[in-house]
Amino acid sequence: MQMQNTSGDNVLLDVRDLDTHFYGEESVTRALGGISFHVNRGETLGIVGESGCGKSVTALSILRLLPKLTAKTVGGEIRFHGSDLLKLSEREIRKIRGDRIAMIFQEPMTSLSPVHTVGHQIAEAVQIHTKVSRSDALERSREMLRLVRIADPERRLYSYPHEMSGGMRQRVMIAMALACSPELLIADEPTTALDVTMQAQILRLIIDLKQRMGTAVMFITHDLGVVAETCQRVIVMYAGRIVEQADVLDLFARPAHPYTQGLMRSMPDRRHGRRQRLPEIPGIVPSLREPIVGCSFAPRCPFAIDICREKAPTMRDVRPSHAAACWRSEEVLGA
Amino acid sequence: MGGYVCRRLISAIGVMAVVGVFIFLLLRLVPGDAAAMMAGNNATPQEVAGIREQLGLNEPLTVQFVQWALGILSGNLGSSIFAGLPVLTLVSQRIEPTISLSILTMIVSVTGGICFGIFAAWRAGGFVDRMLTAFSAVGYSVPVFVVGYFLTYCFSLGTRWLPVQGYVSIGQGLAPWFVHLVLPTVALSLSYIAFIARITRASMLEVLSEDYMRTAAAKGASTYAMLFHYALKNAAAPILTVIGLSFAYLIGGVVITETVFNLPGIGRLVVDAINNRDYPVIQGVLILVSGLYVLINLAVDLAYRLVDPRIRY
Amino acid sequence: MVFTGGGVLALVIVMALFAPMYVRDPMNMDPFKTLQPPSAAMWFGTDNLGRDVFARTVFGARLSLTVGLMVVASTALSGLLIGVIAGYHRGFDSIIMRVMDGLMSIPTILLAMALVSLAGSGLSILIVAITIPQIPSTARLVRSVVLSVRERPYVEAALCGGARAPKVLWRHILPNTIPALMVQSANICASAILTEAGLSFLGAGVSPEIPSLGNMISSSRLYLGLAPLTVFAPGVWLAVTVLAVNLLGDGLRDLFDPRLKRRR
């Protein structure tokens, strides 16, 4: 398995062979089948894929926020500043959560406590990690609310989440996540639950703040459009594995994995503006409860040949800074 | 908010009116001549007539009710037939042990029940949780007098660690007062701890699976902060309701506990009144206690606003 | 849970039912054999009047179970009637529910005690006295079921189709109240048995010479140090009976509402 850019001090987070399982009543689901990637300082990394492909599990695995009873990361390592997050004690990982790695979630409607004021919830994030007085923490909340461009932050500080719209709540979530100036922000589908006009605003806000604060962002989304607008590098996931990894321009110009190609074809093309039936990828995502033999995409792949059904492909460079897990990347690129 | 308080107050007054009518009718409509029963088997007809006169039973029902209700509204709950004292005086003489026992029991069962419930929910299916299942099965099934005598047998008769019975006023010293109340409080608390813990557990379990708990974890909050600070406030409304409702059961428990441990409280007052068929006392205490129940539940309703800002009045 | 609870309960019921066939006369006093320790003839010894504690315990359980079942039957009937009227007839609803609220705010034991002391101590009066405080919760339960069922499409369809109200009640609404009512009945049975014991213990139940678990504890409590079994035998018997009823109730609830079970 070859990786690029893994050497040097530029790497902030280095994930290797991450393996996470979910335990059901009778079956084990291999939600992540040994994925490896890294995040550079200050960059924006996109993680794309359909729902259920393991994007969110990846994010939750990094911060060890998976439900304790039903999920477990059974292998791999997550290097952050040289130490393996998976080996930290509960107390040590708590010091990292929210302070150095922060996260925002998909549902702004349910991700805030309904019985605490917004200011309180942001201030709490500050107080957990720094020894400041209550009033200083509230002052920081006020500043953060202003930063995420919430109108009338003075009043909103004492509002409850149910008094706010979805977009405003997501701004609050962002304020909360960035309150301690983390080095990495994991944004798990932050705009999916919002309406379209709000989506663009929130995206712009995240990118803006990222640049201002120098935070690296891991952007999890199913929307290639969002990736194109925000990210520098992209990881494409399918069925619990990474299938392609490239700079964003490269990926859009020359997808080297048939799944990525399929994803791009099924994007509505805004330029042409005419009505056409979108091509879809035939077949369904394989169940992760049974072991997958060969390439997990093979049953749906127009390029599949015998070897694809027998042996799982590993990531290999197709060009500099562009890797794909496909036996036939060259043919895919040529097509 | 103000409108809601008004509406809630009016409905509480309505409930109290129903209670008043019911308790009033209880005395008049139940088969048998109340005056004759009160006078006892050996009473002369003159004595019965005297009691009837004293109770005002010769007046028409409506007149009786109006007199009685006006009396209550002006703070006159009537007078004991036997002691000859106003019911309020009797109650105030007996209130201290009852209040002491009730408050101690409430403190013990609310803190105990909530902590127990929280830990059971935190490790659902774990040891504490299974303990709670067993504990609540026992707490619901073993009546307070059985627990009371069991504790007396073990800790007073057996080891002589604690006094057997009786009550020492708080004015005579905090330590003796407390020592005399330990066993009654424990005996009475068991079922409330079980009751409150079960509701706390259910409510917490629901809250713990909410998205905002994950947000709190992502902030780096400690387990303690997550459970007691974050989840508990979200889970508080049902717990509050149960605490309010359990007050009615608490009174029944207090009556029995006072008998078991021979505490000279309101419970003994009522039991004695019932044995003596002292109806004004029964009536007066019933009204007082029901009024207290209605008031406490009114307070609980208003306290919802404090724990859940989403409730709009 | 259904099986444990049901099994123990069945055992207690059978023992109580056939009590006259295998125990001594529970009323028989023997002044020369007071406060005897347990023996082969008298398993739990004798009480302060020389009566067989085991016999009295079994007969006491007989009374407890009778009261429990009678209270359940009368509460279910009256609760059903009141609940259906309240749920079906908007006009009566608010009045009935206010009365129920009022009834609920009088503490159960005090209310029952007052009723018994006024009307005299007989078994039927005892049952009525324990039933009345139980009615509000059952009526509320039935009412809520009726209210939710009458909104369901098939009930509306039946009504639109010209079915008459009594028929709809009988065919569609009553069957829906049964599961909730059965679970509630177990709770009522347990609490009725406890209330009866409590009333007897306080001297407001059946008359003292009749063997009832509460009476036994009350009359033996002075001898707790000398003959603990005279207090604990009826106490434990009572607790086991109530526990069995409660377990049965919990089991029934899980049976009727699998959703709850998964969460527990």
TODO: Would you work out which of A:CYS53, A:SER266, A:SER89 lies farthest towards the positive end of the dipole of chain A, given +1 charges on the beta-carbon of Lys and Arg and -1 on that of Asp and Glu, about the Cα centre?
DONE: A:SER266
TODO: Just report the Cα centroid separation between region C:15-89 and region B:252-313, whole Å.
DONE: 30
Open item on the list: How much length would be gained if the chain were fully extended between C:TRP43 and C:ALA157, taking 0.36 nm per residue of separation minus their Cα-Cα distance, in nm to one decimal?
Closed with: 34.7 nm
Task: Choice from A:ILE284, A:ILE47, A:ILE122 showing the highest fluctuation, given a GNM over chain A with Cα pairs closer than 10 Å - done: A:ILE284
- [ ] Note down the relative contact order for chain B as a percent, whole number, built from C-alpha pairs under 8 angstrom at least six residues apart.
- [x] 27
TODO: Would you mind counting up the charge near B:ARG268? Only other residues with Cβ under 13 Å from its Cβ, with Lys and Arg at +1 and Asp and Glu at -1.
DONE: -3
Task: Rounded Å value of the spacing that divides the Cα centres of region C:213-255 and region A:195-223 - done: 66
Open item on the list: Quick check on my link table: of A:LYS95/A:LYS131; A:LYS55/A:LYS87; A:LYS87/A:LYS210, which ones sit more than 20 Å apart, alpha carbon to alpha carbon?
Closed with: A:LYS55/A:LYS87; A:LYS87/A:LYS210
- [ ] Show that you can apply the helix-only estimate: for the protein assembly as shown, add -39,500 (n - 2.57) for every DSSP H stretch of four or more residues, divide by all residues, and state [θ] at 222 nm to the nearest 500.
- [x] -19000 deg cm²/dmol
Task: Cβ charges +1 (Lys, Arg) and -1 (Asp, Glu), total dipole of chain A, debye - done: 420
Task: Per-pair calculated FRET efficiency, R0 = 51 Å: A:GLU143 and B:LEU302 via Cβ, rounded to 0.05 - done: 0.90
Task: chain A: radius of gyration over Cα atoms, expressed as a fraction of 2.2 N^0.38 Å - done: 1.03
Task: Cross-link reach list, lysines versus B:LYS233, counting only Cα pairs under 22 Å and skipping chain neighbours closer than eight places - done: B:LYS219
TODO: With 5 Å bins from zero, work out the P(r) of region B:56-209 over every alpha carbon pair and list the percent per bin.
DONE: 2, 9, 12, 13, 12, 11, 11, 10, 9, 6, 4, 2, 0, 0
Task: Segments A:75-84, B:254-263 sorted - mean Cβ within 10 Å per residue, highest first - done: B:254-263, A:75-84
TODO: Bin all alpha-carbon pair distances of region B:155-313 at 10 Å intervals from 0 and give each bin's fraction as a whole percent.
DONE: 9, 25, 28, 22, 12, 3, 0
Open item on the list: Loop only by DSSP, 10 or fewer other Cβ within 10 Å of the Cβ. Give me the GluC sites (Glu not before Pro) in region A:224-332 that pass, ordered by residue number.
Closed with: A:GLU280
Task: Angle between chain C longest axis and helix C:229-256 axis [Cα atoms, degrees, rounded to 10] - done: 20
Task: Rounded to 5, percent antiparallel among DSSP beta bridges of the protein assembly as shown - done: 65
Task: Cα-based helix-to-principal-axis angle, B:279-307 vs chain B, degrees rounded to 10 - done: 20
Task: Bins of 10 Å, starting at 0 and running to the largest distance - Cα pair percent for the protein assembly as shown - done: 2, 10, 16, 18, 15, 13, 11, 8, 5, 2, 0, 0
Task: Distance (nanometres) between label positions extended 7 Å along Cα→Cβ at B:SER169 and A:VAL132 - done: 5.6
- [ ] With N denoting the number of residues in chain C, provide Rg(C-alpha) divided by 2.2 N^0.38 Å, to two decimal places.
- [x] 1.18
Task: Rounded to the nearest 20 debye, dipole of region A:73-185 from Cβ charges on Lys, Arg, Asp, Glu - done: 120
- [ ] Would you please put B:124-134, A:318-328 in order of how densely packed they are, using the mean number of other Cβ atoms within 10 angstrom per residue and starting with the highest?
- [x] A:318-328, B:124-134
TODO: Specify the angular offset, from 0 to 90 degrees and rounded to the nearest 10, of the alpha carbon long axis of helix B:45-55 from the longest principal axis of the alpha carbons in chain B.
DONE: 50
Open item on the list: Need one number: nm distance between label points at C:SER78 and A:TYR158, each 7 Å from Cα along Cα→Cβ, rounded to one decimal.
Closed with: 5.2
Open item on the list: Taking each residue in C:112-123, count the Cβ atoms of any other chain within 10 Å of its Cβ, then average. What number comes out?
Closed with: 5
TODO: Rank B:THR215, B:LEU151, B:VAL254 by how far each Cα sits towards the positive end of the charge dipole of chain B (+1 on Lys, Arg Cβ; -1 on Asp, Glu Cβ) and give me just the farthest.
DONE: B:THR215
Task: For B:269-276, mean number of other protein chain Cβ atoms within 10 Å - done: 4
Open item on the list: Need the C-alpha centroid separation for region C:154-193 versus region B:77-91, integer Å.
Closed with: 47
Task: Residues A:ILE101, C:ILE96, sorted so that the one with the fewest Cβ neighbours within 10 Å comes first - done: C:ILE96, A:ILE101
TODO: Would you mind ranking C:CYS189, A:CYS231 by Cβ crowding within 10 Å, fewest neighbours first?
DONE: A:CYS231, C:CYS189
Open item on the list: For peptide B:10-19, what's the mean number of Cβ atoms from other chains within 10 Å of each residue's Cβ?
Closed with: 4
Open item on the list: Which of rounded, prolate or oblate describes chain B when judged by the alpha-carbon gyration tensor and an a/c cut-off of 1.5?
Closed with: oblate
TODO: Just rank C:CYS160, A:CYS308, fewest to most, by other beta-carbon atoms within 10 angstrom.
DONE: C:CYS160, A:CYS308
TODO: Report, for chain A, the % of DSSP beta bridges that are antiparallel, rounded to 5.
DONE: 65
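Where a number appears in this text, it was derived from the coordinates with a stated rule and is not lab data. What you see is a predicted model; the values in this text were computed from it and never measured. Glycine gets a Cβ as well: all are built from the backbone with ideal geometry, and neighbour counts include every protein chain shown.
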